[in-house]
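Scroll down for the structure; my scribbles are underneath it.
The values are calculated or read from the model by the stated rules, or taken from the named source; none is laboratory data. As the structure is a computational prediction, the values presented were derived from the model and not from experiment. Reconstructed Cβ throughout: ideal geometry from the backbone, glycine too, with neighbour counts over all protein chains shown. Accessible surface is based on the protein model in full, side chains and every heavy atom, while ligands, DNA and RNA are left aside. Shrake-Rupley method; radii C 1.70, N 1.55, O 1.52, S 1.80 Å.
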Amino acid sequence: QEAEQAGDLVGAMAELEKASAMVPNSAIPNFHLARLAFASGDDERALTQAQTASSKDAACADCWVLQARIERDLGHPTEARECAEKALEISPDMPSAHGVMGLLLYEAKEYPEALPSLEAAVAAGDPDPNVHLFLANSYLVLRQGEPAVEAYRNYLELFPDAPNRDQVERMLAQLTGPPQE
């Protein structure tokens, strides 16, 4: 933890490797190795460690969510969805599980199915900007104008430095029309 807090991901991963060797039946070191590898852009190592964590503790919903995120990042939507489903089976109210499932359903253009997962994730405070943006986009695709406007506004409020801010503001202007005087 100290190495990670100091920004030394390599050192943190080295310490977690030692911890994993000391407690070979525990999923915790593998989960954190996966998390750090994913954060540092090493998706293959992250996936291996996440799969190891999930195999050691099949009831670890966080492990399944992380594995789903990694699989999604690697372009494996079927595997990602299976992992998200396992996380939701274990923890039906888990915001991050709903968030990743909503992203996967949205990307599969299953907008009506994505909407409840995205709504649940946003309501629970999921910090992923894409969850908030895809919620707004889903409302728009499903021709639900008022909720789309509210979701886009919430997105801009929560993520004021979003790289697509200008595009979202233009979308809002199209949805709401010219300002009333």
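Observations
- Count of segment 15-47 residues which are among the small types (Gly, Ala, Ser), touching a residue at least 24 places away in the same chain (Cβ under 8 Å) and part of a helix (DSSP H, G or I): 4
- Comparison of GLU79, GLU85 shows that the only residue that is in a helix (DSSP H, G or I), closer than 19 Å to LEU104 by Cβ, open to solvent by 30 Å² or more (accessible area, probe 1.4 Å) and touching an Asp or Glu at 6+ places or on another chain (Cβ under 6 Å) is GLU79.
- Every residue from segment 106-118 that is closer than 23 Å to PRO163 by Cα and touching a Pro at 6+ places or on another chain (Cβ under 9 Å): GLU107
To keep it simple, each residue is scored yes or no on (1) in contact with a Phe, Trp or Tyr (Cβ under 6 Å, 6 or more places away or on another chain); (2) of a type in the set (A, V, I, L, M).
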{"position": "LYS18", "(1), (2)": "no, no"}
{"position": "GLN49", "(1), (2)": "no, no"}
{"position": "LEU66", "(1), (2)": "no, yes"}
{"position": "ILE70", "(1), (2)": "yes, yes"}
{"position": "ASP73", "(1), (2)": "no, no"}
{"position": "MET94", "(1), (2)": "no, yes"}
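- Among the residues making up segment 133-142, a single one is open to solvent by 50 Å² or more (accessible area, probe 1.4 Å) and under 14 Å from GLN174 (Cβ atoms): LEU140.
- Residues (closer than 18 Å to PHE38 by Cα and β-branched (Val, Ile, Thr)) located in segment 54-84: VAL65, ILE70
- Evaluation of GLY177 against (1) out of contact with any His (no Cβ under 9 Å at 6 or more places or on another chain); (2) open to solvent by less than 40 Å² (accessible area, probe 1.4 Å); (3) touching a residue at least 12 places away in the same chain (Cβ under 8 Å) (one fails), failing number: (3)
A quick yes/no check of all residues on (1) out of contact with any Gly (no Cβ under 8 Å at 6 or more places or on another chain); (2) within 27 Å of LEU135 (Cα to Cα); (3) among the β-branched types (Val, Ile, Thr); (4) open to solvent by less than 60 Å² (accessible area, probe 1.4 Å):
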residue: ALA14; (1), (2), (3), (4): yes, no, no, yes
residue: SER20; (1), (2), (3), (4): yes, no, no, yes
residue: ARG35; (1), (2), (3), (4): yes, yes, no, no
residue: ALA53; (1), (2), (3), (4): yes, no, no, yes
residue: LYS56; (1), (2), (3), (4): yes, no, no, no
residue: ALA68; (1), (2), (3), (4): yes, yes, no, yes
residue: SER91; (1), (2), (3), (4): yes, yes, no, yes
residue: MET94; (1), (2), (3), (4): yes, yes, no, yes
residue: GLY99; (1), (2), (3), (4): yes, yes, no, yes
